[in-house]
1. Can you name the residue in the range 150-166 that is within 12 Å of the ligand (Cβ to nearest atom) and outside any loop (DSSP other than H, G, I, E, B) and, of all such residues, is nearest to Arg227 (Cα to Cα)?
2. Consider the range 62-97. How many of its residues are exposed (fewer than 15 other Cβ atoms within 10 Å of the Cβ), assigned to a loop (DSSP other than H, G, I, E, B) and touching a residue at least 24 places away in the same chain (Cβ under 8 Å)?
3. All but one of (1) touching a residue at least 12 places away in the same chain (Cβ under 8 Å); (2) surrounded by 14 or more Cβ atoms within 10 Å (Cβ to Cβ) hold for Lys246, so report the exception by its number.
4. Considering each of Gly57, Gly105, Gly110, Gly117 in turn, give the residue that is within 16 Å of the ligand (Cβ to nearest atom), assigned by TED's automatic domain parsing to the domain that holds Gly11 and at positive phi.
5. For the range 98-120, which residues satisfy the criterion of being over 23 Å from Glu46 (Cβ atoms) and not in a loop (DSSP other than H, G, I, E, B)?
6. Does the range 167-182 contain any residue that is outside the structural domain of Gly117 (by TED's automatic domain parsing), within 15 Å of the ligand (Cβ to nearest atom), over 18 Å from Gly11 (Cα atoms) and part of a strand (DSSP E or B)?
7. Can Phe188 be described as farther than 22 Å from Lys41 by Cα, buried (at least 17 other Cβ atoms within 10 Å of the Cβ) and within 16 Å of the ligand (Cβ to nearest atom)?
8. Could you list, in sequence order, the residues of the range 98-115 that are of a type in the set (Asp, Glu) and crowded, with 19+ Cβ neighbours inside 10 Å?
Amino acid sequence: MIKKLYLIGIGPGDSKYLTLEAYQVIKRLDLFFIPDKKGKKEGLTEARLALLKKVKGEEAFKVIPLPFPERPKSVNYVEKVKGWRSEKAKILKDALSNYEEREAGFLIWGDPAIYDGHIEIVREVAEEVSLDWEVIPGLSAFQVLAAKERISLTQLATPLAFHTPRTLRRLKEIREPTVVFLDNYETFQLFKEQDLTIHWGAYVGTEEEVLLRGDLGEIVEEIKSLRRKLKEKKGYLMEIYFLKPKEA
Ligand SMILES: C[S@@+](CC[C@H](N)C(=O)[O-])C[C@H]1O[C@@H](n2cnc3c(N)ncnc32)[C@H](O)[C@@H]1O
């Protein structure tokens, strides 16, 4: 069994967003586990490999792609995701047990604590076998979006909300500044009658970055047509946005 596993937040896709700590840990290790993204999302595997090559340079290292199943789409979402995570924990545990007394890294997009299940997955593994593990924080996509847009996400005496479409679509209106991850459904359009500013970004922080901002009602169709074009061109869309009530 692996002696110690580092869950390393790698930022939103470009090595320039690696923290110094993440850089140093990657530099020191020579064994890495990554989720094996197939088909349209293969680009995400390639981005992780490119980042490793950039940090390791000429040094030899080994990458073990893990054949994790796709996230289930289901009405019993919470239960299904728990089962999905347990499946992944088993795959990870089997992979880790192939390597004795070595340290290894597991590369995680953005920050491991934001909309990512690997902390829970590794905790599940560590409850079953003897495994030391550590989380190395990374820059999350929402932080890079805010920096690119030169905006402060928090406002005086106002909470900051985080949503995915599953919870966003339950809201009647956006009352506070809101960051939205993982929206494949154009959920922002439910709020187009409200007086909101949207800051929208695709592939934020990478060479393919596209940013748009403005009054939601005015640019909603522009965002919809842009996201369809980008999706068609690249096969998948990494997008994130920030909705802000005008009076907030
Ligand atoms: C599974 S979540 C992982 C989030 C990640 N842990 C983080 O801290 O950014 C994936 C979602 O993060 C957002 N995301 C991650 N990287 C992005 C990027 N470079 N540009 C835009 N959105 C990004 C998208 O909403 C994407 O659907």
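The values are calculated or read from the model by the stated rules, or taken from the named source; none is laboratory data. Bear in mind that the values here come from a model prediction, so they are computed numbers and not experimental data. Note that each Cβ is placed from the backbone with ideal geometry, even for glycine, and that neighbours are counted across all protein chains shown.
1. Pro165
2. Within the range 62-97, residues that are exposed (fewer than 15 other Cβ atoms within 10 Å of the Cβ), assigned to a loop (DSSP other than H, G, I, E, B) and touching a residue at least 24 places away in the same chain (Cβ under 8 Å) number 2.
3. Going through (1) touching a residue at least 12 places away in the same chain (Cβ under 8 Å); (2) surrounded by 14 or more Cβ atoms within 10 Å (Cβ to Cβ) one by one, Lys246 breaks only (2).
4. Gly110
5. Those that are over 23 Å from Glu46 (Cβ atoms) and not in a loop (DSSP other than H, G, I, E, B): Glu103, Ile119, Glu120.
6. yes
7. Taking the combined requirement at face value, the residue satisfies it.
8. Asp111
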